[in-house]
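The values are calculated or read from the model by the stated rules, or taken from the named source; none is laboratory data. Not measured: the values here are computed from a predicted model. All Cβ positions, glycine included, derive from the backbone under ideal geometry; neighbour counts span all protein chains shown. Side chains are part of the model used for accessible areas, which takes the heavy atoms of the whole protein and leaves out ligands, DNA and RNA. Shrake-Rupley method; radii C 1.70, N 1.55, O 1.52, S 1.80 Å.
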Amino acid sequence: MAIRPLLLFLSSWLLLVAPLKAEDLQFFSIGTGGVTGTYYPIGALIAGIISSPPGARACEDGGSCGVPGLIASAQSSNGSVANVEAVAEGTLDSGFAQSDITHWAYSGTGIYEGKPRIDNLRVIASLYPESIHLVARRGSGIETIKDLVGKRVSLDEQGSGTLVDARIILDAFGIDESDFEPHFMKPNIAIAEMREDRLDAFILIAGYPSGAVTELVASETVDLIPITGSEVEALLKEHEFFAEDVIPAGTYRGIDEILTLSVGAQWVISADADEDLVYNLTRALWHETARALLDNGHAQARSITLSTALDGIAIPLHPGAARYYREIGLMDKRS
């Protein structure tokens, strides 16, 4: 019985779309991460901001101020490394990635040492800092990062930026994967394993508050473990893409202020992407109407600001994005 109204709706939508030229309708993907992380909801939020579907009200009439004819969508993925490689291969139009991963991919260093450079990678904008969350089950005996020795620890999935940085941080503290029982799973699976007492801790890199951590704190007794010590100073000198960070008290219910580290989240795209399209994507992201959507859409999205759009970018901007920043005078401040 519900089919007829649906058919009527689709017929009406097609009538709106029919007069458009084929090139006036464009689908655009944003690779994110697991659905319980921060990349996915931020990706969905930005997809809504940059979209302006056929038939939508014009920006000046109070409608969408996105790219005319564009329908963007957030796609769940394995995270930074997977997104960078998918963008380079053309299986994703764009994606989110940590600043360290983009630097290594473009320069052929770090985890890309000995591999072909991904030199067609470009940046649209730097978005927000991503905090390292070390989540431990209370009663597991984990109070410092060194207490992970002998425990069951998830480092996130293969292909994720979290796994790469977790290994760097553990190495800085003299901890090898042979010193504990490593697991490689998405945060939602890690949560399930922790609830079944099959996991003692997991590491997650995400803007706070992370949905995965919030969910676990709400239903279980867990701690966030600080990442501090003399090892951090040496780590920051060797890997400049890390920064000292603080997760404020009360970010997660019952959790006090946590000293930790962070990396930057960046929105990346292929150098082959059309310059006018990327210019319009950038302009839509920073349109004045987007501010309220960012502030009300997700706690971490409040950190997505035009004033920090070029922070921590170590690879080239896409020419379309650079054109926009040049027009508004932001490139002058960068040089």
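At-a-glance table
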item	result
Size-normalised alpha-carbon gyration radius of region 256-335, reference 2.2 N^0.38 Å	1.22
Taking the chain and dividing mean pair separation by its residue count, relative contact order in percent (alpha carbons under 8 Å, at least six apart)	22
Distance-filtered residues of region 109-144 - backbone nitrogen under 16 Å, label point 7 angstrom along Arg198 Cα→Cβ	none
Share antiparallel - DSSP beta bridges, the chain, percent rounded to 5	65
Kyte-Doolittle mean at least -0.5, axial Cα span of 18 Å or more - DSSP H helices of the chain	3-17
Cα pair distances exceeding 24 angstrom across the chain, given as percent	57
Candidate residues Asp93, Asp165: accessible-area rank, largest first, probe 1.4 Å	Asp93, Asp165
Alpha carbon Rg of region 193-335, scaled by the compact-globule rule 2.2 N^0.38 Å	1.30
Rounded accessible area per residue of the chain, 1.4 Å, Å²	46
Accessible area of Phe96 in the full protein assembly, 1.4 Å probe (Å², nearest 10)	0
Rounded to the nearest 10 Å², the accessible area of Ser307 at probe 1.4 Å	90
Percentage of interatomic Cα-Cα distances in region 87-215 larger than 23 Å	38
Pairwise Lys count, the chain - Cα closer than 27 Å, eight or more residues apart or different chains	6
CD proxy at 222 nm, helix term only [per DSSP H run n ≥ 4: -39500 (n - 2.57); per residue of the chain; nearest 500]	-10500 deg cm²/dmol
Shape call, region 132-199: gyration tensor on alpha carbons, a/c limit 1.5	oblate
Extension gain from Glu240 to Thr305, taking 0.36 nm per residue of separation minus the Cα-Cα distance	21.2 nm
Square roots of 5 times each gyration tensor eigenvalue, C-alpha, region 17-147, largest first, Å	35, 21, 11
Computed accessible area, Val87, all protein chains, 1.4 angstrom probe, square angstrom	0
